[in-house]
Amino acid sequence: MAGYPLKVHNTFGFDVRAQFACRIEREEQLLAAVRDPRVEGLPRLVLGGGSNVMLTGDFAGLVLLVALRGRRVVREDQDAWYVEAAGGEPWHEFVAWTLAQGMPGLENLALIPGTVGAAPIQNIGAYGLEMCERFASLRAIELVTGEAVELDGDACRFGYRDSLFKREGRERFVIASVTFRLPKAWQPRAGYADLARELAARGPAASAGQAEGAATQPTAQAIFDAVVAVRRAKLPDPLELGNAGSFFKNPVIDAAQFEALKRREPEVVSYVQADGRVKLAAGWLIDRCGWKGRAMGAAAVHERQALVLVNRGGASGTEVLALARAIQHDVFERFGVELEAEPVCL
Ligand code: EPU
């Protein structure tokens, strides 16, 4: 297909093309783009940083490249700051900016690739925090009507790496901006194993000095720095090695299935959920099946985190998908657990 190259618009670095593409720098451009008679009836794909998508081939439709920029404090009350950022703002830069403004709360989500507008789509989460916990509302443009709608957290139906925008809302909305609520009574979230280990290794310098005798606690900046360090050590930089973060979700199974599994595999890494079900570490399951560091052609399992599939150079989406299927097969054979892909596969 001739058309528009998407290689730099997807973090896997797949060399695919879109039949049509339009860069959106102002909201008004959206409607003109989707109402252009040349693209009538064609499928649409909204791309921010392309960090949550698996393009298995050329896209026969219109790609909207969201490049809306801008960030500001919209209001403040006794309890919180409300900070808004446009959909095309790079996520990590935004997190760093909120900290520099003295408004902590997003530090656990440092260095996640992608844009602000992509964050609600899969309700990004890391190191003990999910985006929905800091979410206030978002402004989306409905592509059919051209109308702007304001959606709160309930309307977005956030779940674990999930939201309305990953499902029926996928072709319906473009996220123009997101507003976060950052509570003034900030509390560090430092319990996640890897993060706690990194903070401890950094010593007391990572903790805020407190009144004598009181326990010290890490500052938001220290958490930010520690998260950046852990991510750099474990997760590949998409600019150096194509990837989309975790390729699979951590599966959740019921208590009975877990008990049976635990008898067979006593070391299985697990987290009991509020509803009694049990979340398993997919990275551990994949690792145990011997997949860590293995490759099928140019598609490979990352050497330091088995949950991340990488493009070693020149891999196609189909190759990565074949690797993913082989992994799913082995994990199911050994553990009886199904792994679900995290990125949207097209
Ligand atoms: N593990 C292994 N081998 C591996 C990878 C992991 O044994 O190759 C074990 C670890 O030792 C640990 C457990 O599995 O006991 C969990 O590993 P880790 O702490 O690295 O977290 P994860 O469950 O694999 C999740 C998120 C990541 C997020 C980290 C940190 C999902 C699907 N992934 O990974 O999110 O950064 O926790 O919070 O929930 C993403 O979604 O793209 C992503 C990178």
- Excluding ligands, DNA and RNA, the carbon-plus-sulfur percentage of the accessible area of segment 179-311 with a 1.4 Å probe reads 51
- Using only the Cα atoms of segment 1-104, what do you get for the radius of gyration and for Dmax, in Å? 16.9, 56
- Task: Tabulate in residue order the Karplus-calculated ³J(HN,Hα) for segment 153-167, using 6.51 cos²θ - 1.76 cosθ + 1.60 with θ = phi - 60°, rounded to whole Hz; enter x for Gly and Pro.
- Result: x, 4, 4, 7, 6, 5, x, 5, 6, 8, 6, 3, 6, 8, 10
- Query: For segment 91-162, what is the Kirkwood estimate of the hydrodynamic radius, computed as the reciprocal of the mean inverse distance between distinct Cα atoms, to one decimal in Å?
  - Reply: 13.1
- Which whole-Hz couplings ³J(HN,Hα) result when phi for each residue of segment 21-34 is put into the Karplus expression 6.51 cos²θ - 1.76 cosθ + 1.60, θ = phi - 60°, listed in order with x for Gly and Pro? 8, 9, 8, 9, 9, 10, 4, 4, 6, 4, 5, 4, 5, 6
- Item | Helix-only [θ]222 nm of the chain, DSSP H runs n ≥ 4, -39500 (n - 2.57) each, per residue, nearest 500 | -7000 deg cm²/dmol
- Query: Probe 1.4 Å, all protein chains in place: accessible area of LYS279 in Å², nearest 10?
  - Reply: 30
- Check the straight Cα-Cα distances from LYS279 and name the lysines below 24 Å, setting aside those fewer than 8 residues away within the same chain. LYS166, LYS234, LYS249, LYS262, LYS292
- Message: Please report the antiparallel percentage of the DSSP beta bridges confined to the chain, to the nearest 5.
- Response: 80
- Query: Under 5 Å between amide H atoms, partner at least 5 residues away or on a different chain: which partners does PHE12 have, H built in plane at 1.01 Å?
  - Reply: ASN243
- Note on the structure: In nm², the average projected area of the convex hull spanned by the Cα atoms of the chain is 19.2
- Query: List the GluC sites (Glu not before Pro) in segment 96-200 that DSSP assigns to loop (not H, G, I, E or B) and whose Cβ has at most 10 other Cβ atoms within 10 Å. Which are they?
  - Reply: GLU147, GLU168
- In what order, largest first, do ARG75, ARG231, ARG17 sit by accessible area if the probe radius is 1.4 Å? ARG75, ARG17, ARG231
- Message: Are there any GluC sites (Glu not before Pro) in segment 6-54 that are in a DSSP loop and have at most 11 other Cβ atoms within 10 Å? List them by number.
- Response: GLU40
- Query: How much area per residue is accessible in the chain when the probe is 1.4 Å and only protein heavy atoms are counted (Å²)?
  - Reply: 46
- Mean-position separation - Cα centroids, segment 21-83 and segment 271-295, in angstrom: 33
- The answer for PHE248, listing residues at least 5 apart or on another chain whose modeled amide H is closer than 5 Å to its amide H, is GLU342
- Quick one: if you stick a label point 7 Å off each Cα along the C-beta vector at VAL149 and LEU31, how many nm between them? 1.7
- Work out the FRET efficiency for ALA298 and ALA185 from their Cβ-Cβ distance, taking R0 = 41 Å, and round it to the nearest 0.05. 0.25
- For segment 214-283, state the semi-axes of the equivalent ellipsoid (square roots of 5 times the eigenvalues of the alpha-carbon gyration tensor), sorted largest first and rounded to whole angstrom. 30, 21, 10
- segment 38-109 - percent of accessible surface contributed by carbon and sulfur, probe 1.4 Å: 43
- Message: List the residues, sorted by chain then number, that are 5 or more residues from ALA176 or on another chain and whose placed amide H is less than 5 Å from its amide H.
- Response: ARG139, ALA140, ILE141
- Message: Using the Cα atoms of segment 143-278, I'd like the radius of gyration and the largest Cα-Cα distance, Dmax, both in angstrom.
- Response: 20.3, 61
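The values are calculated or read from the model by the stated rules, or taken from the named source; none is laboratory data. Remember, it's a predicted structure, so these values are computed and weren't measured experimentally. Here the Cβ is made from the backbone with ideal geometry for all residues, glycine too, and neighbour counts use every protein chain on show. Note: areas computed on protein heavy atoms with side chains; ligands, DNA, RNA excluded. Shrake-Rupley method; radii C 1.70, N 1.55, O 1.52, S 1.80 Å.
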